[in-house]
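Student: Following this message is one structure expressed as structure tokens.
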Amino acid sequence: MKDHILLVDDNQEIIELLEDILENEGYEVTSSESGEHALNLLKQGLKPNLILLDIMMPNMSGYELCSQIRRESDLPILFLSAKGKAVDKVVGFEIGADDYITKPFDTEELLARIRAHLRRYERIRKHTEDHSEKDPSGSSITVLKFKGLEIHKETYSVFVNEEKIDLSTKEFQLLTFLAENAGIVFTREQIYDRVWGYGYGSLNTVTVHIKNLREKLERERQFIKTQWGTGYVFIGEKV
């Protein structure tokens, strides 16, 4: 079955160029010239494997569309934009983008990044389905409990002092990975490989997601410690 890519850009010339490139590589492509139209397609049941998204669009920007998609889906989202400043990339990663490619782009690099993210997403999906953690009785461990923190794996819910905290899907996966490996220090490279998978991407993604988790979780106590010169470690106290 062909991988399906949703392409969102208000520039018709860019759409036609990318359609030719992607279809020649064997992808199925659905194109949209506005964020509103793309969001409606998704709400109506369109199920792409990856989304290529421009930022500067009228009415609904790519940032806003990405943020809305992230409330419901963990599909790979790649920004493809002429906005190439570091601050633009940081904003993109903060709201949930998996990658950021600037225009004009190199075709082979774009295709390589698309392939890498599609492979990564498929590995994560299979790992989630096939390798759930078990307790000694053989039952799945669905709740991780720490002092002041509960992580409900089946429902993707997190509670701090019994108050539900809203996390993006990727923030939840990052927190769960660190919590399941409490006490172990991981470098940014190791975290990226384990949570996002191998391939192209920015290690700044890890830094941004750690920052977001701390802002949402660490009100009364610290859960994620920076090991200077090395990486990060989860230090929550099990109960």
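Student: One residue is enough: does segment 53-71 have a residue meeting the conditions closer than 17 Å to R119 by Cα and surrounded by 15 or more Cβ atoms within 10 Å (Cβ to Cβ)?
Tutor: Taking segment 53-71 and keeping what is closer than 17 Å to R119 by Cα, we get none.
No, every residue in segment 53-71 fails to be closer than 17 Å to R119 by Cα and surrounded by 15 or more Cβ atoms within 10 Å (Cβ to Cβ).
Student: Let me ask something else. Within segment 77-102, restricting attention to residues that are assigned to a loop (DSSP other than H, G, I, E, B) and out of contact with any helix residue (DSSP H, G or I) (no Cβ under 7 Å at 6 or more places or on another chain), which residue is modelled with the lowest pLDDT? Step through it out loud before you land on a result.
Tutor: Keep residues of segment 77-102 that are assigned to a loop (DSSP other than H, G, I, E, B), which gives 82-85, 95-98.
Retained after the next criterion (residues that are out of contact with any helix residue (DSSP H, G or I) (no Cβ under 7 Å at 6 or more places or on another chain)): 82-85.
On the way: A82: 87, K83: 85, G84: 77, K85: 83.
Ranking the candidates gives G84 first.
Student: Also, I was wondering about something else. Any residue in segment 211-239 that's free of Cβ contacts under 8 Å to residues at least 24 places away in the same chain and more than 24 Å from V91 (Cα to Cα): show its pairings with residues that are open to solvent by less than 70 Å² (accessible area, probe 1.4 Å) and among the small types (G, A, S) at Cβ separation under 9 Å, as long as the two are six or more apart or on different chains.
Tutor: Once the first residue is free of Cβ contacts under 8 Å to residues at least 24 places away in the same chain and more than 24 Å from V91 (Cα to Cα) and sits in segment 211-239, its partners that are open to solvent by less than 70 Å² (accessible area, probe 1.4 Å) and among the small types (G, A, S) give Q222/G236.
Student: Is it the case that segment 143-151 has a residue that's among the acidic types (D, E), in contact with a Leu (Cβ under 8 Å, 6 or more places away or on another chain) and at pLDDT 90 or above? If you could, list the steps in order and put the result at the bottom.
Tutor: Our first condition is that a residue be among the acidic types (D, E); within segment 143-151, this holds for 150.
From what's left, in contact with a Leu (Cβ under 8 Å, 6 or more places away or on another chain): 150.
This time we only want the ones that are at pLDDT 90 or above, so: 150.
Within segment 143-151 (the criterion being among the acidic types (D, E), in contact with a Leu (Cβ under 8 Å, 6 or more places away or on another chain) and at pLDDT 90 or above), the answer is yes, since at least one residue qualifies.
Student: Could you list, ordered by first residue, the pairs with Cβ atoms under 6 Å in which the first is in segment 1-29 and without any contact (Cβ under 8 Å) to a residue 40 or more places away in the chain and the second is open to solvent by 30 Å² or more (accessible area, probe 1.4 Å) and part of a helix (DSSP H, G or I), at least 6 apart or interchain?
Tutor: V29/E19; V29/E23
Student: Given (1) part of a loop (DSSP other than H, G, I, E, B); (2) within 22 Å of R113 (Cα to Cα), where does G183 come up short, assuming only one miss?
Tutor: (2)
Student: So for segment 103-116 (the condition being under 23 Å from K2 (Cα atoms), among the small types (G, A, S), modelled with pLDDT under 90 and surrounded by 15 or more Cβ atoms within 10 Å (Cβ to Cβ)), does at least one residue qualify?
Tutor: Checked against the condition, which is being under 23 Å from K2 (Cα atoms), among the small types (G, A, S), modelled with pLDDT under 90 and surrounded by 15 or more Cβ atoms within 10 Å (Cβ to Cβ), segment 103-116 yields at least one hit.
The values are calculated or read from the model by the stated rules, or taken from the named source; none is laboratory data. In this text the structure is predicted, and so the values were computed from the model without any measurement. Because the Cβ atoms are built from the backbone with ideal geometry, glycine has one as well, and the counts that use them run over all protein chains shown. Note: areas computed on protein heavy atoms with side chains; ligands, DNA, RNA excluded. Shrake-Rupley method; radii C 1.70, N 1.55, O 1.52, S 1.80 Å.
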